[in-house]
Amino acid sequence: MLQSLPVNDILTLIDFLIKENEDTKRLILEWIQKHLGPLTPQEQVQVDDELLWEYWTKTEEIISEFNEYGGGPEDKEEEAYDWLEVISNLIKKGSLSSQAKMDFIDESFMEYDKGNSGFEDVLMDIFFDMCTTQEEWLFLIENLQKKKSDWRDKLINDILKEHLHDNKN
């Protein structure tokens, strides 16, 4: 039956499935990467940007709960670490847009700043892996400056020295 449907009906069906099941969009994007390749660089960036948000939605749900309660079940912790690893692997591919990276940093810093989940170190590692341009590093510094601490000051100084080559600090 699907083969006989017009394209518009197939698109309507896909839209319906995405609204009905939160995993559908992620599964479609992952299928596109595997089966419609090679994608153009622009298409790859678009797919990876969308996947970043799909993965973060899964991760953020768990981290938010852990922040609220100061921890959580071991199986949920493992699931969060698995999603964080998927995000890390996506970053390593190197095809995320700068805008998506900065939006991600901005969004995920809300959970990072709560500081009660136990995922702060891995999130900071992801932020550092994500930044590749001066603009991205400065954006990370901006987010670090929102809450004062000696640790954040050290991170900012490390970024300035090691990544922005500002030896004044």
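The values are calculated or read from the model by the stated rules, or taken from the named source; none is laboratory data. On a predicted model such as this, the values are computed, not experimentally measured, just so you know. Note that each Cβ is placed from the backbone with ideal geometry, even for glycine, and that neighbours are counted across all protein chains shown. Please note that ligands, DNA and RNA were not included when accessible areas were found on the heavy atoms of the full protein model with its side chains. Shrake-Rupley method; radii C 1.70, N 1.55, O 1.52, S 1.80 Å.
Brief remarks on what is shown
- Residue satisfying condition, being open to solvent by 40 Å² or more (accessible area, probe 1.4 Å), at pLDDT 95 or above and within 26 Å of G70 (Cα to Cα), within set F104, F109, F128: F128
- Within the stretch 55-80, being of a type in the set (F, W, Y) and surrounded by 15 or more Cβ atoms within 10 Å (Cβ to Cβ) holds for Y55, W56, F66.
- For the stretch 112-124, a residue qualifies if it is touching a residue at least 40 places away in the same chain (Cβ under 8 Å) and surrounded by 20 or more Cβ atoms within 10 Å (Cβ to Cβ), and the qualifying residues are S117, F119.
- Any hit, the stretch 123-138, residues being touching a Cys at 6+ places or on another chain (Cβ under 8 Å) and either aromatic (F, W, Y) or assigned to a loop (DSSP other than H, G, I, E, B) (or both): yes
- Helices (runs of 4 or more DSSP H) contained entirely in the stretch 1-101, each with at least 3 residues that are free of Cβ contacts under 8 Å to residues at least 40 places away in the same chain and in contact with a Phe, Trp or Tyr (Cβ under 7 Å, 6 or more places away or on another chain): 41-69, 74-93
- Residue count for the stretch 83-101 under the criterion of being over 20 Å from G71 (Cβ atoms) and open to solvent by less than 70 Å² (accessible area, probe 1.4 Å): the result is 12.
- Selected residue [open to solvent by 80 Å² or more (accessible area, probe 1.4 Å) and closer than 30 Å to M110 by Cα] from Q3, Q46: Q46
- Restricting F119, F127, F139 to those that are among the hydrophobic types (A, V, I, L, M, F, W, C), under 24 Å from V86 (Cα atoms) and out of contact with any Leu (no Cβ under 8 Å at 6 or more places or on another chain) reduces the list to F139.
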